[in-house]
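In what follows, a structure is listed as structure tokens, so that the remarks can point back to it.
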Amino acid sequence: MKARAGVEELWERYKGRGDPGAREELAIRYLPLVKFVAGRVRMTLPAFVEEEDLVGYGVLGLLDALGKFDPGRGVKFETYAVTRIRGAILDGLRALDWVPAHVRQRVRDLQGAYARLEARLGRPATEEEVAEELGISTDELSRRITEAASTSLVSLEGLWAAEAREGPVLSSLPDREAPDPVERAEWEERKEALARAIERLPERERLIITLFYYEGLTLKEISRLLGVSPGRVSQLHAQAMLRLKAGLEVAGMGG
């Protein structure tokens with residue numbers, strides 16, 4: 001209880017009295033949250049991306065969250081802050097523009113194929129069907145999915161910029177700076193569409209999404225649990241993301 005009271009006192013000093021020292025103390029207190037989010041993002045990136053850089057971007061998101069958070073709303077700061085921390089990290093990565101143009105195009109082609117097949121078949125497409133749609137072999141499809149998995153272009157954050165540290169991804173809050181009823185309704189509709197798309201995933205892909213985003217397991221932990229290589233888990237994760245993107249597009253929620 002003392003620790004909690006300490007946090008409430010810091011928020012009162014910062015928001016109520018404008019104490020910059022309290023802001024600094026809060027930033028230090030919540031720095032582990034930045035490291036947690038950076039670590040999760042790092043798992044799906046190439047080896048040359050340094051986690052320290054991700055933490056640096058994330059700190060900017062943390063400071064932004066501290067400035068805009070309203071303690072009086074009765075929601076956890078951690079839940080609110082994760083969205084802004086992750087968004088700042090992804091903005092930093094986008095600014096680097098380290099993903100080659102041809103890789104971006106291949107990811108778009110994959111997403112388009114999954115979306116067309118989802119609309120046409122009314123169910124998740126098999127790898128053989130996707131390969132045929134693209135006019136490539138299943139081995140080439142596997143290689144392209146692995147290529148997509150090595151970028152930040154295919155992740156749940158790309159579809160929904162939120163991952164709460166506690167509780168499921170879909171329980172995260174929308175931007176409280178945009179309380180417009182229409183925007184709120186659109187947010188709810190998109191959340192429901194994403195939930196339906198997750199439910200439609202093939203069983204193993206849905207399990208990987210649950211274990212990674214909901215339960216907080218690492219790719220290595222999931223690989224041991226499922227008895228497959230970490231590379232295969234990464235590939236299935238990327239394929240699940242492509243399916244989810246397709247599902248949202250079919251539902252008119254793409255973009």
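The values are calculated or read from the model by the stated rules, or taken from the named source; none is laboratory data. What you see is a predicted model, and the numbers here were worked out from it, not measured in a lab. Positions of Cβ are generated from backbone atoms using ideal geometry, with glycine treated the same way; all protein chains shown enter the neighbour counts.
Quick notes on this structure:
- Close contacts from the stretch 204-218, counting a first residue that is part of a helix (DSSP H, G or I) and a second that is crowded, with 16+ Cβ neighbours inside 10 Å and of a type in the set (Gly, Ala, Ser), with Cβ to Cβ under 6 Å and a gap of 6+ residues or different chains, come to Glu205/Ala240; Ile209/Ala240.
- The stretch 215-227, residues that are surrounded by fewer than 15 Cβ atoms within 10 Å (Cβ to Cβ) and not charged (D, E, K, R): Gly216, Leu225, Gly227
- Qualifying positions in the stretch 212-255 - hydroxyl-bearing (Ser, Thr, Tyr) and either in contact with a Ser or Thr (Cβ under 6 Å, 6 or more places away or on another chain) or more than 27 Å from Arg190 (Cβ to Cβ) (or both): Thr218, Ser223, Ser229
- Close contacts from the stretch 120-148, counting a first residue that is in the same structural domain as Glu203 (by TED's automatic domain parsing) and a second that is assigned to a helix (DSSP H, G or I) and among the hydroxyl-bearing types (Ser, Thr, Tyr), with Cβ to Cβ under 8 Å and a gap of 6+ residues or different chains, come to Ala125/Tyr114; Glu127/Thr138; Glu127/Ser142; Glu128/Thr138; Val130/Tyr114; Ala131/Thr138; Thr146/Ser234.
- Filtering the stretch 199-229 to residues that are closer than 18 Å to Ile145 by Cβ, aliphatic (A, V, I, L, M) and either over 19 Å from the mean Cα position of the chain (by Cα) or outside the structural domain of Thr126 (by TED's automatic domain parsing) (or both) leaves Leu226, Val228.
- So Glu166, is it modelled with pLDDT under 55 and either of a type in the set (Asp, Glu) or buried (at least 16 other Cβ atoms within 10 Å of the Cβ) (or both): yes
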